[in-house]
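Structure first, commentary second.
The values are calculated or read from the model by the stated rules, or taken from the named source; none is laboratory data. As the structure is a computational prediction, the values presented were derived from the model and not from experiment. Every residue, glycine as well, gets a Cβ built from its backbone with ideal geometry; the counts of neighbours run over all protein chains shown. We work out accessible area using only protein heavy atoms, side chains counted, and drop any ligands, DNA or RNA first. Shrake-Rupley method; radii C 1.70, N 1.55, O 1.52, S 1.80 Å.
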Amino acid sequence: MKKALIHIVGGGLAGCEAAWQCLRAGHEVRLYEMRPHKMTPAHSTGDLAELVCSNSLKSMLPDSAPGLLKGEMQALDSLILEAGAHAAVPAGQALAVERTVFSRYIREALESFPGFKRIDAEVTELPPVGEGEAWIIASGPLTSQALVDQLQGLCPDSRRLHFYDAIAPILETESIDESIVFRASRYDDSGDGDYWNIPLNKEEYEAFVDAVIAAEKMPLHEFEDVAYFESCLPIEVMIERGRETLRFGPMKPVGLIDPRTGHRPWAAVQLRMENKEGTMVSMVGFQTKMKWPEQKRVFSMLPGLKDVEFFRYGSVHRNSYLKSPDVLNPDLSFKTAPRIFLAGQITGVEGYTESAAIGLLAGRAARAKVQDADFLMPPAGTIIGALYRYVTEGGLGDFQPMNANLGLLPGLPKQRGMGKPQRKALQCAKSREVFAAYLAQLSGSSQNYQQGEQGNAQAGL
Ligand SMILES: Cc1cc2nc3c(=O)[nH]c(=O)nc-3n(C[C@H](O)[C@H](O)[C@H](O)COP(=O)(O)OP(=O)(O)OC[C@H]3O[C@@H](n4cnc5c(N)ncnc54)[C@H](O)[C@@H]3O)c2cc1C
């Protein structure tokens with residue numbers, strides 16, 4: 001086996017996971033981490049894989065998207081999940097960890113490889129990639145400015161780099177009452193338009209505006225002193241400009257006829273498909289910084305959303321991420337620099353586990369490339385494969401950070417007598433089957449498992 005040197009920028013969740021995958025394959029790793037010498041606005045230690053906010057890695061329930069993702073990552077030898085199991089504290093169905101124990105476990109596991117070296121430095125420049133080497137950029141949502149400038153150089157168009165997320169909620173289509181919410185595109189009343197439309201009368205609109213004004217909002221951190229893009233304003237900011245602003249903006253009813261009344265509604269919210277199956281829809285123009293329980297409460301007031309379920313809540317926060325589908329190859333390397341890979345949240349995923357998952361894949365893809373081998377990416381029917389596909393191919397709408405959710409998986413047709421929980425369980429069971437087949441394919445491929453075993457032996461694991 002060719003032993004190579006892999007440089008990784010960022011000792012967060014993704015960088016550590018990528019480092020582990022490369023070390024286990026027998027490669028040398030240089031991990032560059034700027035903390036504690038240069039801190040980000042959210043981190044508070046120099047520890048590897050610091051969890052910046054909550055200590056929860058979300059649900060472990062096998063029939064949930066976070067649960068499925070954990071199972072898949074465990075099967076792919078994830079260090080982050082191994083550390084999670086070691087540092088777990090009681091948290092019901094969730095995996096919550098004691099953060100210092102979690103970080104220490106990860107540091108010790110990486111340091112157990114003689115080929116591992118942590119370099120305490122900010123990477124401000126990406127040097128030319130040496131013969132037989134690779135770089136993985138895993139510098140996260142708070143990437144330092146100097147590196148942002150470097151990344152801009154790898155993207156032919158600077159609009160491929162985003163600094164803020166102002167994201168709108170994504171809803172489960174099935175939880176919407178279609179006796180109220182109607183399908184139509186503007187000026188097209190054929191009944192099979194591309195949008196779902198929530199019609200509001202004047203009283204409903206006024207009550208909704210009052211509820212948004214009164215709702216609790218997420219406090220923006222000092223470093224999130226956001227200069228909003230005019231085309232991407234949160235709904236609260238629009239309402240501050242006047243009670244009618246929404247009705248002339250994202251809630252404008254023009255070109256829509258409510259089939260129940262035969263008239264144009266006073267206002268309307270449009271929902272747009274997020275996947276081809278139409279199982280996920282986003283609220284068009286509904287970026288918001290209301291707290292999550294408030295989003296649930298306030299949006300459930302909208303006609304037809306009484307029992308709505310959220311795949312993702314809206315939010316506004318600083319987040320550097322690339323428009324990956326435009327700038328990355330299918331193996332997560334840059335189109336402009338095929339030996340430089342991107343990993344973690346900066347690829348356009350969101351969340352600790354999701355970021356680690358893309359770190360895992362980038363690590364495996366990089367280790368394959370330095371050996372002139374192919375790495376078989378997981379198929380779309382698995383959660384990790386669905387996330388990976390989202391990053392490299394995008395969805396139907398604008399490219400915005402995505403978390404692991406069941407809406408990313410192929411949907412199942414409705415079956416008479418089968419309730420939603422049963423259908424979800426079946427969807428998860430199918431996904432596990434797809435993943436098992438993928439694992440079987442991988443184990444038939446010597447590049448992955450023989451290398452892994454060699455790494456284990458070297459580290460004495
Ligand atoms: C304020 C805030 C709160 C969050 N809360 C949650 C939450 O509760 N739950 C959740 O699941 N997710 C949360 N997230 C998202 C979470 O931080 C990420 O999903 C996850 O940490 C991303 O992992 P990563 O490895 O991609 O980046 P990070 O974990 O941020 O790691 C990137 C590392 O790169 C380093 N770095 C940056 N630039 C350079 C450079 N030029 N040279 C060297 N090193 C560099 C940074 O110091 C950092 O250690 C939050 C994010 C923020 C900003």
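Some observations on this one:
- Condition check for residue 70: within 11 Å of the ligand (Cβ to nearest atom) and either open to solvent by less than 70 Å² (accessible area, probe 1.4 Å) or in the same structural domain as residue 14 (by TED's automatic domain parsing) (or both): no
- Among the residues making up segment 15-33, those that are open to solvent by 10 Å² or more (accessible area, probe 1.4 Å) and within 9 Å of the ligand (Cβ to nearest atom) are 32, 33.
- Among the residues of segment 134-162, those that are open to solvent by less than 40 Å² (accessible area, probe 1.4 Å) and either more than 10 Å from the ligand (Cβ to nearest atom) or assigned to a helix (DSSP H, G or I) (or both) comprise 134, 135, 136, 146, 147, 148, 151, 154, 155, 157, 161.
- Only listed residue being without any contact (Cβ under 8 Å) to a residue 60 or more places away in the chain, open to solvent by 30 Å² or more (accessible area, probe 1.4 Å) and assigned to a loop (DSSP other than H, G, I, E, B), chosen from 307, 331: 331
- Residue-level check: of (1) crowded, with 20+ Cβ neighbours inside 10 Å; (2) within 12 Å of the ligand (Cβ to nearest atom); (3) more than 30 Å from residue 430 (Cα to Cα), residue 47 misses just (1).
- Pick from segment 334-350, criterion over 13 Å from residue 137 (Cα atoms) and open to solvent by 20 Å² or more (accessible area, probe 1.4 Å), ranking: farthest from the ligand (Cβ to nearest atom): 335
- Filter result (of a type in the set (Val, Ile, Thr) and closer than 20 Å to residue 81 by Cα) within segment 30-54: 52
- Residue count, segment 379-410 (criterion: part of a loop (DSSP other than H, G, I, E, B) and either open to solvent by 30 Å² or more (accessible area, probe 1.4 Å) or modelled with pLDDT of 90 or more (or both)): 14
- Whichever residue in segment 50-66 is outside any strand (DSSP E or B) and open to solvent by less than 10 Å² (accessible area, probe 1.4 Å) and, among such residues, is nearest to the ligand (Cβ to nearest atom): 51
- Single unsatisfied condition, residue 90 versus (1) within 15 Å of the ligand (Cβ to nearest atom); (2) open to solvent by 50 Å² or more (accessible area, probe 1.4 Å): (1)
- Count - residues of segment 24-79 that are touching a Gly at 6+ places or on another chain (Cβ under 6 Å) and among the polar types (S, T, N, Q): 1
- Of the set (1) at pLDDT 95 or above; (2) within 15 Å of the ligand (Cβ to nearest atom); (3) under 18 Å from the mean Cα position of the chain (by Cα), all apply to residue 37 but (3).
- Within segment 175-210, the residues that satisfy the criterion of being crowded, with 17+ Cβ neighbours inside 10 Å and touching a helix residue (DSSP H, G or I) at 6+ places or on another chain (Cβ under 9 Å) are 196, 200, 205, 208, 209.
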